[in-house]
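A.B. asks: Please see the structure below; I have some questions.
The values are calculated or read from the model by the stated rules, or taken from the named source; none is laboratory data. Note that the structure is a prediction, hence the values are computed from the model and not measured. Cβ coordinates were reconstructed from backbone atoms using ideal geometry, including for glycine residues, and neighbour counts include every protein chain displayed. Heads up: the accessible areas ignore ligands, DNA and RNA and are worked out on the full protein's heavy atoms, side chains in. Shrake-Rupley method; radii C 1.70, N 1.55, O 1.52, S 1.80 Å.
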Amino acid sequence: MADGIASTPPELVDQHGRRKRKLRLSVTDRCNLRCAYCMPENPSWLPREQLLTIEELLRLTALFVIQLGITNVRLTGGEPTLRRGLPELIEGLQLLRPRGLQRVSMTSNATRLAELAPALKAAGLDDLNISIDARDPALFQKLTRGPIEPVLEGIAAARDAGLPFKLNAVVIRDYNDGEIESLAAWAFEQQVEMRFIEFMPLDNAQQWSRERVVTESEILQRLGTRFGKIEKLPRSSASPATEYLLGGKHRLGIITTVSDPFCSSCDRVRLTAVGELFACLFSARGSKLRDALRGGESDAALLTMIRSGVWNKEAGFAAPRGYVERPITMHRLGG
Ligand code: SAM
Ligand code: SF4
């Protein structure tokens, strides 16, 4: 894999001095749910031949790990469990552990975990973030246009397979903000960390408005009333979430992309399923690594493209500007 290249210091940095350690790898744009905040009701899928093959995914990830010092890989999508060859991809990534890869994680809607969790664990997956935006079945159906039962079965399967997980919910005012307390109570009952994500101005349906964002302070206020004392935990560089301890025992995370963006410490980059490198979730365009790869470019040329795409990363995104027009939607970028 990516050997045979003159050794460079394994560091990927942007012009603002932020070192990148995490790669979000989208393995498909397809999904079996249609979360209203993420994708259109009738999406058109990318032709399969445009997606990076498992070999291409492994070759690019090897460059990121061995030559650029990436330590954490998160598989995402679309719904990553729909990708054929997912266990083989995870198995292939294990070869990078001696070369610096520390964690292989996945963000999933859990609908296929009842079937796949044991194979993913056996392949070497370390942990999961599972999205569940409501506990109420009718509300879950309204938000995701799918039933909640396969998700609950998938969560049980992840536990049975010994895969550690956190639960994630995007909170949208007048949709699921009434679920904050019940989702947290349910997660805490299972001794699982619950994380709430502020609604980002990247939804496909353009429903985002500042009024729809339920901010960290509002979430904390509601949870404080229900669970008692809230302690802020020291910020961990490993997590994009601000972490809290509720009532002295329950772990809670809040991803404050809108009310308190964490851009100044951003250590991640994103590769879409068609091999475009996005330095930021809010970037207008990406660097087309797949085209270079299929055009026969050398590893050295690919590294130059990656370094320069990341170097030019902007300082941060500007939520105050409002809805963000981009040529790419969340399910294609990987969230
Ligand atoms: N299908 C998987 C899932 O839902 O977990 C992985 C892909 S999904 C695009 C990754 C993450 O992006 C999910 O946690 C989802 O809730 C989040 N997401 C999608 N659209 C969002 C938005 N407009 N604002 C905030 N988070 C969003
Ligand atoms: Fe699918 Fe995840 Fe987007 Fe929901 S958030 S539509 S589960 S990709």
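A.B. asks: Go through K229/K249; K22/K313; K22/K249; K20/K121; K166/K232; K142/K166 and tell me which ones have a Cα-Cα distance over 21 Å in this structure.
C.D. replies: K22/K249; K20/K121; K142/K166
A.B. asks: Rank F227, F188 by accessible area, highest first, at a 1.4 Å probe radius?
C.D. replies: Most to least solvent-accessible, the answer reads F227, F188.
A.B. asks: Report the residue, chosen from G248, G92, G309, that carries the largest GNM mean-square fluctuation when the chain is represented by alpha-carbon nodes joined by springs under 10 Å.
C.D. replies: G248
A.B. asks: Under 10 °C and 1.306 mPa s, how fast does the stretch 105-149 diffuse according to Stokes-Einstein, given a Kirkwood radius computed over C-alpha pairs? Answer in µm²/s, whole number.
C.D. replies: So the translational diffusion coefficient is about 137 µm²/s.
A.B. asks: List the GluC sites (Glu not before Pro) in the stretch 135-234 that DSSP assigns to loop (not H, G, I, E or B) and whose Cβ has at most 14 other Cβ atoms within 10 Å. Which are they?
C.D. replies: In loop regions of the stretch 135-234 (DSSP not H, G, I, E or B), there are no sparsely surrounded GluC sites (Glu not before Pro).
A.B. asks: If I ignore ligands, DNA and RNA and count only protein heavy atoms, how much of D14 is accessible to a 1.4 Å probe, in Å² to the nearest 10?
C.D. replies: Counting only protein heavy atoms, D14 exposes about 0 Å² to solvent.
A.B. asks: Still on this structure: Can you give the relative contact order of the chain as a percent, counting alpha carbon pairs under 8 Å and 6+ residues apart?
C.D. replies: 21
A.B. asks: Once the other residues with Cβ under 13 Å from the Cβ of E11 are scored (Lys, Arg +1; Asp, Glu -1), what is the net sum?
C.D. replies: Taking every other residue near E11 into account, the sum is +3.
A.B. asks: So what is the calculated 222 nm ellipticity per residue for the chain, using -39500 (n - 2.57) for each DSSP H run with n of 4 or more, over all residues, to the nearest 500 deg cm²/dmol?
C.D. replies: It comes out at -8000 deg cm²/dmol, rounded to the nearest 500.
A.B. asks: Using amide H atoms built 1.01 Å from N in the peptide plane, name the residues 5+ places from E193, or on other chains, whose amide H lies under 5 Å from its own.
C.D. replies: Under 5 Å from the amide H of E193: L167.
A.B. asks: Still on this structure, please answer the following. What residue among R159, R290, R195 has the largest mean-square fluctuation in a Gaussian network model of the chain, using Cα springs under 10 Å?
C.D. replies: Among R159, R290, R195, the largest GNM mean-square fluctuation belongs to R159.
A.B. asks: Can you give me the % of accessible surface on the chain that is carbon or sulfur? Probe 1.4 Å, all protein chains present, nothing else counted.
C.D. replies: 50
A.B. asks: Moving to a separate point now. Along the charge dipole of the chain, pointing to its positive end and built from +1/-1 on Cβ of Lys, Arg, Asp and Glu, which listed residue (L113, Q102, V170) has its Cα farthest out?
C.D. replies: Q102
A.B. asks: Would you look at the GNM of the chain, springs on alpha carbons closer than 10 Å, and say which of G100, G146, G162 moves the most?
C.D. replies: G162
A.B. asks: Could you tell me the extents of the chain's C-alpha atoms along the three principal axes, largest first, rounded to whole Å?
C.D. replies: 58, 42, 41
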